[in-house]
Amino acid sequence: MQLLLTGRASELDKAMVASCLSALGSRLWPAIFLSMLLAAILSVFASHALGGPLYRLEAIGKRLAAGEFIAPIRVREGDDLQGMAAVLDQAVGTLRHALARIREQEGVARERLGALQGELAAGQVPAAALSGRLQEIAAQLEGIEETLGPFQI
């Protein structure tokens, strides 16, 4: 106490302060070590909790970029990015539905065009019917445009 008040201390006071600091150090270093160990363990768990779902979403994104519109997107129950996966799954579902409609409409248009080409080559299409058949094909193409309408391409 005299050390704090006057700045001077007896040898006994100095020894007592050194003893207290030594005792504090012997208790403090193990606590610091355990805190650092706990922080390292928690950081591994935290990185895996976030890294695992991100890795799976990245793999799904690569498959989508390759044109592979896969089955529903799922992550493990309780993963941090479950909401993001649900939104991505909804977007993929919308794209999958639109592509299926476009494929169907394109198939009908292609079929009608092929039939019309065959009939024209055989000379079996009267001029009056030609306009109606072309309008049917144009309607299929308009259906494709309508399906693509909501997408900003």
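Where a number appears in this text, it was derived from the coordinates with a stated rule and is not lab data. In this text, all values refer to a predicted model and were calculated from it rather than measured experimentally. Cβ atoms come from the backbone with ideal geometry, glycine included; neighbour counts cover every protein chain shown.
Based on the Cβ-Cβ distance of E68 and L148, what FRET efficiency does E = 1/(1 + (r/R0)^6) give at R0 = 25 Å, to the nearest 0.05?
With a Förster radius of 25 Å, E is 0.80.
Relative contact order of the stretch 17-153, please, whole-number percent, based on alpha carbon pairs below 8 angstrom and at least 6 residues apart.
So the answer I get is 18 percent.
Using the C-alpha atoms of the stretch 110-153, what convex hull volume per residue, in cubic angstrom, is computed?
66
Once Lys and Arg get +1 and Asp and Glu get -1 on their Cβ, which of A122, T147, W29 lies farthest toward the positive end of the dipole of the chain?
Checked the options; the winner is W29.
May I ask you to compute the full-extension gain from S35 to E58, defined as 0.36 nm times their residue separation minus their alpha-carbon distance, rounded to one decimal in nm?
Stretched fully, the S35-E58 segment lengthens by 4.9 nm.
Rounded if a/c is under 1.5, else prolate if a/b beats b/c, else oblate: with a ≥ b ≥ c from the C-alpha gyration tensor eigenvalues square-rooted, which is the stretch 69-153? Display every interim value, and only then the final one.
Numbers: a/c = 7.41, a/b = 3.57, b/c = 2.08.
Since a/c reaches 1.5 and a/b is larger than b/c, the shape of the stretch 69-153 is classed as prolate.
Roughly how many debye, to the nearest 20, is the charge dipole of the stretch 38-153 about its Cα centre, given +1 on each Lys and Arg Cβ, -1 on each Asp and Glu Cβ, and no other charges?
The dipole magnitude comes to about 260 debye.
Among A39, Q82, G93, which residue has its Cα furthest toward the positive end of the charge dipole of the chain, with +1 on Lys/Arg Cβ and -1 on Asp/Glu Cβ?
Comparing the listed Cα positions along the dipole, A39 ranks first.
Given the Cα-Cα distance of L50 and M16 and 0.36 nm per residue of separation, how much length would full extension add, in nm?
Values: separation 34, 0.36 × 34 = 12.24 nm, distance 5.04 nm.
Stretched out fully, the L50 to M16 stretch lengthens by 7.2 nm.
Express the Stokes-Einstein translational diffusion coefficient of the chain in µm² s⁻¹, to the nearest whole number, given a Kirkwood radius over alpha-carbon pairs, 4 °C and a viscosity of 1.567 mPa s. Intermediate values should be presented prior to the final figure.
On the way: Rh = 23.1 Å.
Rounded, D is 56 µm²/s.
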